[in-house]
Structures are given as structure tokens and as C-alpha cells.
1. State whether the residues of the range 134-154 include one that is free of Cβ contacts under 8 Å to residues at least 40 places away in the same chain and touching a Lys or Arg at 6+ places or on another chain (Cβ under 6 Å).
2. Taking only the range 1-47 into account, find how many residues are within 21 Å of E59 (Cβ to Cβ) and crowded, with 19+ Cβ neighbours inside 10 Å.
3. Please enumerate the residues belonging to the range 53-67 that are surrounded by 17 or more Cβ atoms within 10 Å (Cβ to Cβ) and of a type outside the set (S, T, N, Q).
4. Quickly run through the range 69-118 and pick out the residues that are part of a helix (DSSP H, G or I), of a type in the set (G, A, S), touching a residue at least 60 places away in the same chain (Cβ under 8 Å) and crowded, with 23+ Cβ neighbours inside 10 Å.
5. Pick out the one residue from K15, K19 that is within 29 Å of E147 (Cβ to Cβ), at pLDDT 95 or above and not in a loop (DSSP other than H, G, I, E, B).
6. For D100, are the conditions met, namely being over 14 Å from L14 (Cα atoms), modelled with pLDDT of 95 or more and out of contact with any Phe, Trp or Tyr (no Cβ under 9 Å at 6 or more places or on another chain)?
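The values are calculated or read from the model by the stated rules, or taken from the named source; none is laboratory data. Note that the structure is a prediction, hence the values are computed from the model and not measured. All Cβ positions, glycine included, derive from the backbone under ideal geometry; neighbour counts span all protein chains shown.
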Amino acid sequence: MIIYFGADHLGFKLKEYLKDFVKNEGFEIADLGNDHYDEDDDYPDFAAAVARKVSRGFESSRGIVICGSGVGVDVVANKFPNVRSALAMSPNQAFDSRNDINTNVLTLAADFLDGEAAKKIVRVWLSTPFSDEPRHQRRLSKIVQVESEILESGSLKNESGF
């Protein structure tokens, strides 16, 4: 499995710290940027690059995206089909996101996590399988259905026209 990384300037240092850790955990990695510190870069560029790769190869890849708050990259990543991104601030959240929702993109908040805390979250997220329980499968099926309806209609209108 390949793990794609992406981070803006606020997440750059944490991304660089985590890449070797993930590689040493036995995963192939690909860094989609930024490849240098640039205080003028924009988080949507890197989150979109990672999410696009995961969206196209969601059965054989995952992604880790990082910005200051984590919120921006999480919002961008969740725009892509087949991507389920979760902002995790603890190992327990990372576990639940994988076990219950089968997330394939992990979002980290560099302004709120140090390297060691982030490593714990990443380790749990990478090692936790999807539970495949019927209730979780049912809920994922509903997520896929909502996503399909939006993509097919090109609209978010509900029955009342809004």
C-alpha cells in the first residue's frame, strides 16, 4: 500500500518528520508536496493532489494531509469521490475513523500536535482495519449513495428545490 503525503507551509515540518516514520513502518510513500518550505503556498493544492491520487486508487492507497488547523485540508480532501478523510486529534479518533468509517485520508493539525503525538495517531490509523460490521457497512453504503446522487445530478437540491 502506498501512502501519499501533502502539506502546506504550516504542516511542512510535521510532514517531513512523519515520512520516515511511515516508511519505517513498512509502507511505500509518495510526497506530493510541498517539497520545500514556502510560506506563500496554499493548502488546497496539496490536499487536492493527495485526494486525487487516493480517489483514483482508493483500494490500494491512503493519504495523510497536514495544515495548521487540519480543517482546510480535510474540507478539500472530502470533495473527492471515494475519499473519506478524518481530522484526528487522538489515537482514539484515528481508531474510530478506520474501524467504523474506513477512512482513507488522515488529516493532521500541525498547530495542535507535536511529532510524537502525531506518530501515535498515524500508527493507530495505519494499523487499524475496517471492522466490516454490518452496521458500519450499511452506513458506508449510505455515504456512497449520497455521493453518487450528488455526482449524478450535479446538484445538491433536495425535494423542495433547495
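1. There is no residue in the range 134-154 that is free of Cβ contacts under 8 Å to residues at least 40 places away in the same chain and touching a Lys or Arg at 6+ places or on another chain (Cβ under 6 Å).
2. 7
3. K53, V54, F58, R62, G63, I64, V65, I66, C67, listed by residue number.
4. Within the range 69-118, A118 is the sole residue that qualifies.
5. Values: K19 fails: within 29 Å of E147 (Cβ to Cβ).
Result of the check over K15, K19: K15.
6. No; evaluated as a whole, the condition is false for this residue.
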